1. Quick one: Karplus J couplings for region 425-442, per residue in order, coefficients 6.51, -1.76, 1.60, θ = phi - 60°, nearest Hz, x for Gly and Pro?
2. Give me the accessible area of Tyr331, 1.4 Å probe, in Å² rounded to the nearest 10.
3. Output the pairs from Lys217/Lys317; Lys488/Lys535; Lys70/Lys439; Lys27/Lys317; Lys30/Lys358 with a Cα-Cα distance over 21 Å in this structure; if there are none, say none.
4. Taking a cut-off of 43 Å, what percent of all Cα-Cα pairs in the chain are separated by more than that?
5. Using only the Cα atoms of region 302-414, construct the convex hull and provide its projected area averaged over every direction, in square nanometres to one decimal.
6. What ³J(HN,Hα) values, in whole Hz, does the Karplus curve 6.51 cos²θ - 1.76 cosθ + 1.60 give for region 98-112 when θ = phi - 60°, with x put for Gly and Pro?
7. With just the Cα atoms of region 59-155, tell me how far they stretch along each of the three principal axes, in Å, largest first.
8. Taking every alpha carbon pair in region 484-539, what does the distance histogram look like in 5 angstrom bins from 0, in percent?
Amino acid sequence: MKRALFLAIMFFCSLFDTNAQTSSIPKLIKIGHYTQLLVNNKPYLILGGELGNSSASSNDYMRPVWSKLKQMNLNTLIAPVYWELMEPVEGDFDFSLVDSLIEDARLNHMKLVLLWFGSWKNSMSCYVPAWVKTDTKRFPRVLNKKGIPLEILTPFNKNNLETDKDAFVRLMQHLKQIDSKQYTVIAVQVENEIGMLDNARSYDEAANAAFSQPIPKELIHYLQKNKLNLTPELDSIWAIAGFKTSGNWEDIFGKGLATDEIFMAWNYSKYVNEIAAAGKAIYDLPMYVNTALNRAGWEPGQYPSGGPEPHLRDIWKAGSPAIDMLAPDIYFPNFRHWTDLYTRSCAPLFIPEIRFEKDDAAKAFFAFGHYNCLSFSPFSIESTLHPEDEPIGKAYNILRQISPLISKYQPEGDVNGFLLSKDSAYQTITMGEYRLIIKHDYTLPWSSGSRDGKWPLGGCTIIEVSPNEFYIAGTGVVVTFATTTTGKRAGILSLDEGSFENGKWVPGRRMNGDQDNQGRDIRIPINQWDIQRVKLYQY
């Protein structure tokens, strides 16, 4: 009763809220090659955290979590919606957990991204309702090559699709009813880490029939239209068969696991597209699909195959136009390798999950500065015992302040980010009239950690706001400047640390003398997080 009263009051108040009336639904827009997420008509960067899988299933469990999130300076929580709890009896819907998330997010001045744990979660169908799980005749499973059923709903069955779609539509109807004035929920993930396991494709009867049929003309048309811009992985597979444009899956792509995976990717993407399109027809929020990345050296079927892996980007783009973004869940080393793959063809970077660790702070500065990054979100964010000490919280405090600058100057090419490690300790870039040399803090001979074998990551975002003026924000970096003009040298005219308050720069200390190495460089040491404003001159 209390929750229902709260939501009724919030809805009633929103009718008289001028800002709510002038706001529009969260959406993605393009500015040149850049994509921006607009929330309340303003660019919005998700400084997020994703809950552990089961956390949002209990209001009592969630009660102390919100204070942790606030201490880590999150502006957005990414949280699951469980089909099995939302529709425990067919046609009988319970939105109380969703309502609680929205209520608590509003009370804590946060936004939400909701994860639809529907047909699939980490490949498996573990979050479908009991009445779906136990009726395998009506809701059939995939079969492996030996004909053994797995706990994975087959995407080749209309009952599976329509039942999931109906539940998802009901969720979107509910969100529209209770949140279309406040816009607490700003995006939705459709399913979770889709992919086939055990084998690269399903061998159920409907799957076998589809596999022997000609490839859909829709996919052939996409391949032909985008032939010059296909991912190298797909292009090379298609080339081996001579770029054929008619025939079945093996005629077009050859026999093998790669073809099996492409076949599953197409059918997964079509299934998801129907669900997303139906939901958007009700309430048109941005929607994305995430993936568990393929481990190096593993074959399709050993990892969750057929999801929106980087090498399957084109199949998913062709099959799921209602999906706005393909998103990597990053748990492997070599962060830049994966982020580079997901930003090919000027795609925005949306990270809904990343391993929760201390180096996330440096990665966040790099991601938001170097890429058109819309979301960064460590997984199981509530698991920390000391939220006040988490490096990601320190980074988010800084990134909150500079987000408007990133959104303003990035489309103009005046923002970049850097990630530094022991193996990649020096980087250079030209910005405007200056050549910047960015080094890891431990490259300094007097740095306290330079003799230690372990180097934490350093990272920063650098923003050029005028020809001689830069903001540098991050941790563990040293920056020096040289001019691009022959015969000229660069000097530091002034260097201030400070912060942004209500969008206005408030200077703190003047960082002269030892703090800027007598005018030689700008330093933010490891385990410190700072914004510094530098004005340069040439002589």
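The values are calculated or read from the model by the stated rules, or taken from the named source; none is laboratory data. Predicted, not measured: the structure shown is a model, and the values here were computed from it. Quick reminder, even Gly has a Cβ in these numbers, built from the backbone with ideal geometry, and neighbours come from all protein chains shown. Quick note on the areas: whole protein, heavy atoms, side chains included, nothing else; ligands and nucleic acids left out. Shrake-Rupley method; radii C 1.70, N 1.55, O 1.52, S 1.80 Å.
1. Rounded to whole hertz, the list is 8, 10, 9, 10, 7, 9, 10, x, 8, 10, 9, 9, 10, 10, 10, 5, 4, 6.
2. Surface accessible to solvent at Tyr331 totals approximately 70 Å².
3. Numbers: Lys217/Lys317 15 Å; Lys488/Lys535 16 Å; Lys70/Lys439 32 Å; Lys27/Lys317 19 Å; Lys30/Lys358 33 Å.
The pairs that break the limit, which is 21 Å between Cα atoms, are Lys70/Lys439; Lys30/Lys358.
4. Working: 33721 of 144991 pairs.
Here the tail beyond 43 Å accounts for 23 percent of pairs.
5. Working: hull surface 33.9 nm².
In nm², the orientation-averaged hull projection of region 302-414 is 8.5.
6. 4, 4, 5, 4, 5, 4, 5, 4, 5, 4, 9, 6, 10, 9, 10
7. So the three principal-axis extents are 52, 29, 20 Å.
8. All Cα pairs, binned at 5 Å, distribute as 4, 17, 24, 22, 15, 10, 5, 2, 0 percent.
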